[in-house]
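S.K.: Please see the structure below; I have some questions.
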Amino acid sequence: MTPPIVILGSGLAGYTLARELRKLDRDTPLVILSRDAAGFYSKPMLSNAFSAHRSAASLVMKPVEKMAAELAAVIRPHLEVAALHPARRVVELAGGEEIPYRDLVLALGADPIRLPLGGDAAADVLSVNDLDDFARFAARLDGAKRVAVLGGGLIGCEFANDLLARDIRPTVIDIARWPLGRLLPEDTGQWFRQRLEAAGVSFRLGVSATTVSHHAGGYRLAISDGTTLDADVVLSAVGLRPRTALAAAAGLAVNRGVLTDRRLASSDPHIHALGDCAEVDGLTLPYVMPIMHQARALAATLAGTPTAVSYPAMPVVVKTPACPAVVCPPAIDAQGSWQIVASDEAGGGIEAQCLDANEKLLGFVLLGGATARKQALASRAPATLG
Ligand SMILES: Cc1cc2nc3c(=O)[nH]c(=O)nc-3n(C[C@H](O)[C@H](O)[C@H](O)COP(=O)(O)OP(=O)(O)OC[C@H]3O[C@@H](n4cnc5c(N)ncnc54)[C@H](O)[C@@H]3O)c2cc1C
């Protein structure tokens with residue numbers, strides 16, 4: 001009997017691939033292995049769950065049994081993959097069991113980056129990257145009034161905005177001089193900051209937290225400018241690092257993520273990777289839209305039609321109701337300059353475009369009411385991977 005296609009991970013990448021594959025191939029045996037409970041949920045919902053009045057349990061859209069039936073797959077939750085053996089085409093579980101595969105797909109996601117914090121409470125700092133993390137975070141917020149958020153990027157700002165729905169006044173700390181510093185040019189970043197401040201979020205910018213210590217039943221953070229900040233809960237959202245350890249230990253090529261070509265193949269032709277763990281043709285893009293394109297291409301390849309992935313322009317929606325935002329950053333090596341092309345304080349919107357010397361659109365930022373222009377600008381922006 002042919003060994004199954006084995007997918008490691010039951011997040012958006014693993015499950016979207018399985019769904020796409022089943023549209024093309026109902027018969028090849030499919031096995032999905034996951035460290036977590038393997039219920040299907042939408043991870044982006046984690047950072048607006050409070051305003052949506054959702055608990056960790058109610059975020060699960062389909063439990064593992066339903067997913068297994070729908071996908072005609074064997075899904076094994078709560079287990080840890082310990083090693084890959086590409087030469088023998090088997091996956092080894094913690095405990096020693098070996099599972100053979102025809103093709104293996106790494107959909108292992110990414111780990112939250114931990115800042116090197118000092119202090120006797122550094123280990124109490126939370127991060128939220130899955131449902132279990134979210135359940136822990138929500139439980140710790142019971143009775144909390146002050147939350148320090150380390151990191152003013154997309155995820156930190158979304159959580160800060162969402163905490164307002166629980167009557168919590170969060171303080172966001174970031175080394176950058178404005179929030180969403182890697183996504184927004186300064187003018188738009190300051191505009192975004194003012195809207196969030198008006199809604200109740202505080203910012204401590206251009207500084208970093210150095211220690212987190214127990215203090216008066218909560219925590220005291222020492223800040224690099226010599227000040228302190230007291231909080232009941234500390235949430236870290238300073239970025240993610242693709243999970244590459246299993247691939248690296250098996251001798252696969254890794255850089256920032258597991259290296260793949262445009263067919264999502266790793267350096268071993270029978271091992272593929274997608275989602276947050278993958279570096280596809282030089283790009284690590286930890287967002288939902290790339291996963292959708294990767295999953296469709298890889299499903300076709302696994303079903304017998306080798307297919308390269310391509311990405312159109314993929315604007316990212318920042319879920320901050322206090323200042324809705326859409327960002328479509330220019331490519332890292334793009335040569336352009338930012339211009340504010342429309343600023344309508346009364347209508348509450350701002351549009352910035354990154355243009356090259358020939359006025360060609362390289363990227364854009366839309367804030368407030370200007371987010372309605374998302375489709376119009378996305379259709380003019382260059383493809384992320386053409
Ligand atoms: C709070 C938050 C909000 C976000 N909001 C947005 C948004 O608005 N828009 C957007 O485009 N993107 C957003 N993102 C990013 C997006 O959610 C991710 O890019 C996407 O969910 C990643 O899916 P994944 O399947 O690659 O990883 P994951 O969902 O992390 O899945 C990884 C899977 O691998 C399993 N696993 C890991 N190691 C092992 C092992 N050794 N053995 C067995 N199983 C293992 C895990 O259990 C898990 O099932 C957000 C992310 C976060 C954290």
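The values are calculated or read from the model by the stated rules, or taken from the named source; none is laboratory data. Just so you know, these numbers come straight off a predicted model, no measurement behind them. With ideal geometry, Cβ positions are generated from the backbone for all residues, glycine too; neighbour counts draw on all protein chains shown. Heads up: the accessible areas ignore ligands, DNA and RNA and are worked out on the full protein's heavy atoms, side chains in. Shrake-Rupley method; radii C 1.70, N 1.55, O 1.52, S 1.80 Å.
S.K.: Show me 57-65, 5-13, 29-37 ranked by packing, highest mean number of other Cβ atoms within 10 Å first.
M.R.: Values: 57-65: 14.2, 5-13: 26.0, 29-37: 20.0.
For the peptides 57-65, 5-13, 29-37, the packing ranking is 5-13, 29-37, 57-65.
S.K.: Select from 161, 78, 113 the residue farthest towards the positive end of the dipole of the stretch 77-161; place +1 on Cβ of Lys and Arg, -1 on Cβ of Asp and Glu, and compute about the Cα centre.
M.R.: 161
S.K.: Work out how far the C-alpha atoms of the stretch 290-363 reach from end to end along every principal axis, then list the three figures in whole Å, largest first.
M.R.: In descending order, the Cα extents are 54, 34, 16 Å.
S.K.: To continue, here is another question. Taking Cα atoms of the stretch 174-217, Rg/Rh with Kirkwood Rh, to two decimals? Write out the running numbers ahead of the final one.
M.R.: Details: Rg = 13.0 Å, Rh = 11.8 Å.
Computed over Cα atoms, the ratio is 1.10.
S.K.: Follow-up question, since we're still on this one. When the accessible area of the chain is split by element with a 1.4 Å probe, what percent falls to carbon and sulfur? Mind dumping the intermediate values first?
M.R.: On the way: 8950 of 16820 Å².
C and S atoms contribute 53 percent here.
S.K.: Right, next: I'd like the trypsin sites (Lys or Arg not before Pro) in the stretch 63-123 restricted to DSSP loop residues with at most 11 other Cβ atoms within 10 Å, sorted by number.
M.R.: Details: sites: 66, 88, 89, 102, 114; in loops: 88, 89, 102, 114.
Here the trypsin sites (Lys or Arg not before Pro) that fit, given the DSSP loop and packing criteria, are 88.
S.K.: Another one. Using a 10 Å cut-off on Cβ atoms, rank the peptides 166-178, 128-140 from the highest mean neighbour count down. Don't skip to the answer; put the middle values down first.
M.R.: Numbers: 166-178: 18.5, 128-140: 16.9.
Those peptides, ordered most packed to least, come out 166-178, 128-140.
S.K.: Additional query: Quick check on the stretch 15-55: take the gyration tensor over C-alpha atoms, sort the square-rooted eigenvalues as a ≥ b ≥ c, and tell me if it's rounded (a/c under 1.5), prolate or oblate.
M.R.: Details: a/c = 4.47, a/b = 2.31, b/c = 1.93.
In terms of gyration-tensor shape, prolate.
S.K.: Relative contact order for the stretch 83-149 using alpha-carbon pairs under 8 Å, separation at least 6, rounded to a whole percent?
M.R.: Details: 33 pairs, mean separation 9.6, N = 67.
Worked out over the stretch 83-149, it gives 14 percent.
S.K.: From the square roots a ≥ b ≥ c of the eigenvalues of the alpha-carbon gyration tensor of the stretch 44-190, which class results: rounded (a/c under 1.5), prolate (a/b over b/c), or oblate?
M.R.: prolate
S.K.: In Å, what is the Rg of the alpha-carbon atoms in the chain, and how long is Dmax?
M.R.: Gyration radius and largest Cα-Cα distance of the chain: 21.9, 67 Å.
S.K.: Something else about it: Nearest 10 degrees, 0 to 90: what angle lies between the long axis of helix 131-140 and the longest principal axis of the chain (Cα atoms)?
M.R.: Result, in degrees: 30.
S.K.: If packing is taken as the mean number of other Cβ atoms within 10 Å per residue, what is the order of 276-283, 201-208, highest first? Intermediate values should be presented prior to the final figure.
M.R.: On the way: 276-283: 22.4, 201-208: 17.8.
The most tightly packed comes first, giving 276-283, 201-208.
S.K.: Write down, largest first, the equivalent ellipsoid semi-axes of the stretch 1-114 in whole Å, where each equals the square root of 5 times an eigenvalue of the alpha-carbon gyration tensor.
M.R.: 26, 17, 12
S.K.: Right, another one. Per residue, how large is the accessible surface of the stretch 235-386? Use a 1.4 angstrom probe and give square angstrom. List each step's numbers first, then the result.
M.R.: Working: 6660 Å² over 152 residues.
Heavy-atom accessible area per residue stands at 44 Å².
S.K.: May I ask you to derive the relative contact order of the chain, considering only C-alpha pairs under 8 Å and at least 6 residues apart, and to give it as an integer percent? Mind showing how you got there, number by number?
M.R.: Values: 859 pairs, mean separation 58.7, N = 386.
The value is 15 percent.
S.K.: By the gyration tensor of its Cα atoms, with a ≥ b ≥ c the square roots of the eigenvalues, what is the shape of the stretch 86-159: rounded for a/c under 1.5, prolate for a/b over b/c, or oblate? Please report the intermediate quantities before stating the final value.
M.R.: Numbers: a/c = 2.64, a/b = 2.51, b/c = 1.05.
Prolate shape, in that a/c is at least 1.5 and a/b is the bigger ratio.
S.K.: Sorted from largest to smallest, which semi-axis lengths in Å does the alpha carbon gyration tensor of the stretch 235-341 give for its equivalent ellipsoid, taking the root of 5 times each eigenvalue?
M.R.: Working: eigenvalues 159, 61, 39 Å².
Semi-axes (√(5λ), whole Å): 28, 17, 14.
S.K.: Probe of 1.4 angstrom, ligands and nucleic acids ignored: what's the accessible area per residue over the stretch 1-127, in square angstrom?
M.R.: Value for the stretch 1-127: 45 Å² per residue.
S.K.: OK, next. Could you state the angle between the C-alpha long axis of helix 12-24 and the longest principal axis of the C-alpha atoms of the chain, as a value from 0 to 90 degrees rounded to the nearest 10?
M.R.: The two axes meet at around 40 degrees.
S.K.: Strictly over 32 Å apart at the Cα level, which of 66/319; 319/360; 43/360; 145/319; 23/43 would you flag in this model?
M.R.: 43/360
S.K.: When the Cα centres of the stretch 73-104 and the stretch 113-151 are compared, how far apart do they sit, in Å?
M.R.: That distance is 32 Å.
S.K.: If I fit a long axis through the Cα atoms of helix 154-163 and take the longest principal axis of the Cα atoms of the chain, what angle between them do I get, 0 to 90°, rounded to 10?
M.R.: 60
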